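What follows is calculated from the coordinates using simple rules that are stated; it is not laboratory data. None of these values were measured; they are calculated from a predicted model. Note: ideal-geometry Cβ built from the backbone for every residue, glycine included; neighbour counts use all protein chains shown.
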Number of protein chains: 2
Amino acid sequence: MSPEMDSRTKHIEESGIFFENVGLPRMAGRIFGFLMVSDKQDVSFEELTRALKASKSSISNNVRILINIGFIKAISHSGERKTYYCLSPEVDWVDYLKKRIQNFEHFRKLLENGYELRPDKNDDTSEWLKYGIDFYIWISERLDDLLEEWRQKVEKTKQNSQGKR
Amino acid sequence: MSPEMDSRTKHIEESGIFFENVGLPRMAGRIFGFLMVSDKQDVSFEELTRALKASKSSISNNVRILINIGFIKAISHSGERKTYYCLSPEVDWVDYLKKRIQNFEHFRKLLENGYELRPDKNDDTSEWLKYGIDFYIWISERLDDLLEEWRQKVEKTKQNSQGKR
DNA sequence: TTTTTGGTTCTGCAAGCACAGAACCAAAAA
DNA sequence: TTTTTGGTTCTGTGCTTGCAGAACCAAAAA
């Protein structure tokens, strides 16, 4: 990183690294980061290739990834052929988290399966497994409650702001 | 998979695939799965290489990974040079989850940084960022509460079982 | 019709990674 | 001391993946 790199560029690269850390392409993170700090509301495909100095193929593929995740959205303007992209206003954090929480479920099933297969269910290892299973059952329930709570909170806020109008 | 593969082998391989899906080596998952369903309380290094048909280097590296994560533990028996491994009885699910939750914090910081860098903080994108930031602040707090709740639950159970003795 | 534009899909390459096997090393045994 | 044991670290290989550039394609423009 050159020292005179501006804070936006730095932000974009950091976003890329973060995405990489969670198993997504760096370029997808760069696009996401760029959309965050762009002074425009929506950015064209062509601007992305130019701003991020990336090939069309890379932008094309990574834009699709971001759309699938639900982080960004394609929009078009009448009388124009170009496609523009912006952070998806409809992104559902709850749904997004729910998908990530499914890993817990999967892991719990793995523990349960292991427990079932143990020859002696009264030893330390079995106890350990039981404890882990209990924890995951408990935390999954609680997380569901939490997400429902948030959903209602949002619902209420929406009604409020509608009432104000 | 041959049809006559027994359920333990199947479990071990499934564990391997699961680990792979969350970004860890398949072999680490196999070891974890094997320790789950082994009829022994602890398993030697050599038995792992034999049972999983893997090289010493692979076992060595992946055992270290599992120890670092905190999933398994090395133990030794007096009068013996061999090292044995078992599912770590001290594994702290709470700590484990906390580490995974740190990703949320990191992501929130990314959103906050993006928000700070926006030229116009009154447009839709900024609103979107603010909403996301709020959500992550809220969920982080709630998760901390949850983990604390679980910790206390465990504490209580421990006291109970001690009282019974 | 032919040409241009906007974007997708195909091809090839470079980097990263999990694994095996070999070389290695320290501690115990002989 | 030398030999054996138990395990780690080094080296090479095949597989995967992100990317660029080229080929491609459909729709609009000319």
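Over chain B, DSSP H runs of length four or greater, each weighted -39,500 (n - 2.57), average out per residue to a 222 nm ellipticity of -23500 deg cm²/dmol. Annotation: the residues A:Ile31, A:Ile17, A:Ile59, B:Ile133, sorted from fewest to most other C-beta atoms within 10 Å of their own C-beta, follow the order A:Ile17, B:Ile133, A:Ile59, A:Ile31. Axis angle, to the nearest 10 degrees, between helix A:7-21 and the longest C-alpha principal axis of chain A: 30 degrees. Taking the centroid of alpha carbons for each part, segment B:29-60 and segment B:119-165 are 36 Å apart. Across segment B:36-49, rounded Karplus estimates of 3J(HN,Hα) from the backbone phi angles (6.51 cos²θ - 1.76 cosθ + 1.60, θ = phi - 60°) give 5, 10, 5, 7, 9, 6, 9, 10, 7, 3, 4, 5, 4, 4 Hz, Gly and Pro being marked x. Just so you know, the Cα atoms of the protein assembly as shown work out to an Rg and Dmax of 24.2, 83 Å. Residue order for A:Thr125, B:Thr9, fewest other beta carbons within 10 angstrom first, comes to B:Thr9, A:Thr125. Ranked for footprinting exposure by Cβ neighbours inside 10 Å, fewest first, B:Ile139, B:Ile12 give B:Ile139, B:Ile12.
Near A:Arg64: Cβ cut-off under 14 Å, other residues only, Lys/Arg at +1 and Asp/Glu at -1. The net charge is +2. Given in Å, the Rg to one decimal and the Dmax to the nearest whole number for the Cα atoms of chain B are 22.1, 72.
Positive end of the dipole of chain B (Cβ unit charges, origin at the Cα centre): among B:Ile31, B:Ser15, B:Phe135, the Cα lying farthest that way belongs to B:Ile31.
Our estimate of slack between B:Ser57 and B:Tyr131, defined as 0.36 nm per intervening residue step minus the Cα-Cα distance, is 21.8 nm. To the nearest ten degrees, helix A:124-164 and the longest principal axis of the Cα atoms of chain A are 40 degrees apart.
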